[in-house]
């Protein structure tokens, strides 16, 4: 369509079960001047057919069919086609409120900001749980963006560690409206998730927020994030997860060095490396290894030199008491303790 104000990018891979709900939430937005760029990333189910049916009924939808290369390449492909003044990302198993685009566009014009951000609701089947990232609206000027947002995409520091469950809640690319020109002008792209394991969203934001002059967080819940146990970290083992996260940490460290960022960024990175034993440990628990082998794998991870250095610098004082025990076991090289606490954590988060 000609001159859409918002472009919405939807990467799609084998989500026939959820795709209708996602697409219905997009094409029925109360604000209509939107283009939808759906990238089918080599789906082997009926996802492509579903997209084409929607495109037949709605000329605002552009469907791109490509071979499977992962979500990063799907998003990068879509960015080439974006013509909207603003761009939004929605994952194809999630959905947004029907007035999302209308409301956030009003806000971004009201505040004259480069990025608008909002909270989300975690959807566990029939149970909906709001995720309160912050308790109030926040306006970040240029200095605030650098101090409180740009660095946050590297890692948490100080009191931010007091809520480990919120460490990366702000780092997703969904739940945001971006000024397209910042992305285009600075050629910002997604890194290959197959090389870095996860956190392609955070790296994208790290690069983008380097150029953001004003950002606003609005304490509204427009986005619905589906928490599907079938696809969660606790149920799918990734054999090269540790190696890929080391590549991720090296990538962030290189960014810090290349941009000559101050020491607070390096501290944030060490904290990220230190707390990553949670994700890496849960991954090991989901493997088919026996108990002894799982403990050995955890021991190997916390004794990698990069991790040992991070634990040496990781301050436990800000963590709540249960997390002090958990990260303390990693810091003081007690893999059995890490393993036992991970069992408890997995039980809690799978409820």
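Are any residues in the range 133-151 surrounded by 14 or more Cβ atoms within 10 Å (Cβ to Cβ) and farther than 23 Å from residue 185 by Cβ, and if so, which ones?
Applying the first criterion (surrounded by 14 or more Cβ atoms within 10 Å (Cβ to Cβ)) to the range 133-151 yields 133-134, 138, 140, 144-146, 148-151.
Once the filter is applied, which keeps residues that are surrounded by 14 or more Cβ atoms within 10 Å (Cβ to Cβ) and farther than 23 Å from residue 185 by Cβ, the range 133-151 yields 133, 134, 138, 148.
Taking the residues in the range 170-198 that are surrounded by fewer than 20 Cβ atoms within 10 Å (Cβ to Cβ) and in contact with a strand residue (DSSP E or B) (Cβ under 6 Å, 6 or more places away or on another chain) as candidates, determine which candidate is farthest from residue 247 (Cα to Cα). Ranking the qualifying residues of the range 170-198, first place goes to 180. Exactly one residue among 82, 104, 154 is buried (at least 22 other Cβ atoms within 10 Å of the Cβ), touching a residue at least 40 places away in the same chain (Cβ under 8 Å) and closer than 29 Å to residue 36 by Cβ, and that residue is 104.
Within the range 158-169, how many residues are more than 21 Å from residue 223 (Cβ to Cβ) and exposed (fewer than 15 other Cβ atoms within 10 Å of the Cβ)?
Pass one, the range 158-169, residues more than 21 Å from residue 223 (Cβ to Cβ): 158-162, 164.
Among the residues that remain, those that are also exposed (fewer than 15 other Cβ atoms within 10 Å of the Cβ) are: 158-159, 162.
Number of matching residues: 3.
Selection of first residues in the range 57-68 that are under 8 Å from residue 36 (Cα atoms) and of second residues that are in a loop (DSSP other than H, G, I, E, B), restricted to Cβ pairs under 7 Å at least 6 apart or on distinct chains, gives the following pairs, ordered by first then second residue: 60/1; 62/81.
Does any residue of the range 330-340 turn out to be under 26 Å from the mean Cα position of the chain (by Cα) and surrounded by fewer than 18 Cβ atoms within 10 Å (Cβ to Cβ)? No, the range 330-340 has no match at all.
Kindly indicate whether residue 222 is farther than 30 Å from residue 347 by Cβ, in contact with a strand residue (DSSP E or B) (Cβ under 8 Å, 6 or more places away or on another chain) and modelled with pLDDT of 95 or more. Yes, satisfied. When the range 16-36 is limited to residues that are out of contact with any strand residue (DSSP E or B) (no Cβ under 6 Å at 6 or more places or on another chain) and outside any loop (DSSP other than H, G, I, E, B), the one that is nearest to residue 84 (Cα to Cα) turns out to be 27.
The values are calculated or read from the model by the stated rules, or taken from the named source; none is laboratory data. Quick caveat, the model's predicted, so the values are computed rather than measured. All Cβ positions, glycine included, derive from the backbone under ideal geometry; neighbour counts span all protein chains shown.
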